[in-house]
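Peer 1: Mind having a look at this structure? Questions to follow.
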Amino acid sequence: MKKRIFVVANPGAGHKKIEEVLRELVDFASSKDYDYDVFLTAKNRNALKTVKENFEEEHSDLIVLGGDGTLNEAINGLTLDRPVGIVPCGSANDFCKNIKVGQTIEQQIQTAIAGKKIQIDLGICNDRKFVNGVGVGFDGQIVAEIANSTRNLKGPIKYYYHVIRILASYRSKLTTYHFDEVNESKKLLLLTVANGTTFGGGFKLNPSAKIDDGLLDVCVIEKINPILRFWNIPRLKSGSHTRLKKVKVYQTTEVKIDEQPLLNAHIDGELVGHPPLHIKVLPKALTIRVQGSGKSGV
């Protein structure tokens, strides 16, 4: 069967040259005599609807041009078992820090279309799938601030600006959570349930997480003095914060967070409201393409 790829591209993603990336992708597909269908998402983030309504049985691959949010929407719209290729064009591209897709645009396009196929875990939070993770507390508040901001900032600087702006003033909030033998109710700075390692354009909140181990990594950071928060920012970048007394890390397969209207929550960097949240792992539930070739790459 002739290869026919489905391309969903987000013109509103952080990459300034996404139109050029799309042209390169189409040129590469044409050079291989692949068929392709290209769909552009609107500013109201409709990649989920686009994929759900237009991805058909004859499509061999789903290719996503965008950031973590576009990827999340696309996989939630995908109902068929097809490999997903990713050309990272967003502001942070945190999920792609877990895999190898290539350094140059040309390499990334080749990987997305013809790279090696591997199976990874998916998370599911209140019936929504995710590839990277769910965060409540401070990181949820950051996403809420960004969503409501009128500042035209791009890339990781957008996230860092809001981190610095509210880091000292953010008040730790009572959070009640349950998994395995853990049943706790504490004032937390944040709680992150992750499939991947990195959030916010480079903060390694769950540095030991693996996307194919059938487990969720949980990072719990308890209430910390505002001055110490600034002092420990470099630790969040390196992942060494896990050595602090106020930080606890766990691995599990299911997490419940009780209702708390004062907490903002995000899924893969997109604001989703407030707990309650029920989070589970779906082992080896998604096929993606990474750098490499061979029979698994066709």
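The values are calculated or read from the model by the stated rules, or taken from the named source; none is laboratory data. Everything numeric in this text was worked out from a predicted model, so none of it was measured. For neighbour counting, all protein chains shown are included, and Cβ atoms are generated from backbone atoms with ideal geometry for every residue, glycine included. Just so you know, the surface numbers come from the protein's heavy atoms only, side chains and all, with ligands and any DNA or RNA stripped out. Shrake-Rupley method; radii C 1.70, N 1.55, O 1.52, S 1.80 Å.
Peer 1: Restricting the search to segment 68-107, which residues are surrounded by fewer than 23 Cβ atoms within 10 Å (Cβ to Cβ), outside any helix (DSSP H, G or I), of a type in the set (D, E, K, R) and out of contact with any Leu (no Cβ under 7 Å at 6 or more places or on another chain)?
Peer 2: Asp81, Lys100
Peer 1: Looking at this structure, is Val26 part of a helix (DSSP H, G or I) and of a type outside the set (Asp, Glu)?
Peer 2: So Val26 fits the description; yes.
Peer 1: Check segment 173-188 and report whether any residue there is touching a Gly at 6+ places or on another chain (Cβ under 6 Å) and not in a helix (DSSP H, G or I).
Peer 2: So far as segment 173-188 goes, yes, one or more of its residues are touching a Gly at 6+ places or on another chain (Cβ under 6 Å) and not in a helix (DSSP H, G or I).
Peer 1: Assuming Pro275 fulfils every condition listed in (1) surrounded by fewer than 19 Cβ atoms within 10 Å (Cβ to Cβ); (2) in a loop (DSSP other than H, G, I, E, B) apart from one, which condition is it?
Peer 2: Tallying (1) surrounded by fewer than 19 Cβ atoms within 10 Å (Cβ to Cβ); (2) in a loop (DSSP other than H, G, I, E, B), Pro275 fails exactly one: (1).
Peer 1: Checking the condition open to solvent by less than 20 Å² (accessible area, probe 1.4 Å) and closer than 20 Å to Val281 by Cβ, which residue from Asp212, Asp139, Asp180 passes?
Peer 2: Exactly one of Asp212, Asp139, Asp180 is open to solvent by less than 20 Å² (accessible area, probe 1.4 Å) and closer than 20 Å to Val281 by Cβ, namely Asp139.
Peer 1: OK, next. Of everything in segment 219-233 that's part of a loop (DSSP other than H, G, I, E, B) and open to solvent by 70 Å² or more (accessible area, probe 1.4 Å), which residue is nearest to Ile164 (Cα to Cα)?
Peer 2: Per the criteria, the residue is Asn225.
Peer 1: Still on this model: Does Val255 satisfy the condition of being β-branched (Val, Ile, Thr), surrounded by 14 or more Cβ atoms within 10 Å (Cβ to Cβ), modelled with pLDDT under 95 and within 22 Å of Lys173 (Cα to Cα)?
Peer 2: No.
Peer 1: Restricting to segment 234-264, name every residue that is part of a loop (DSSP other than H, G, I, E, B), touching a Lys or Arg at 6+ places or on another chain (Cβ under 8 Å) and closer than 13 Å to Ile279 by Cα.
Peer 2: Scanning segment 234-264 gives a single hit, Thr253.
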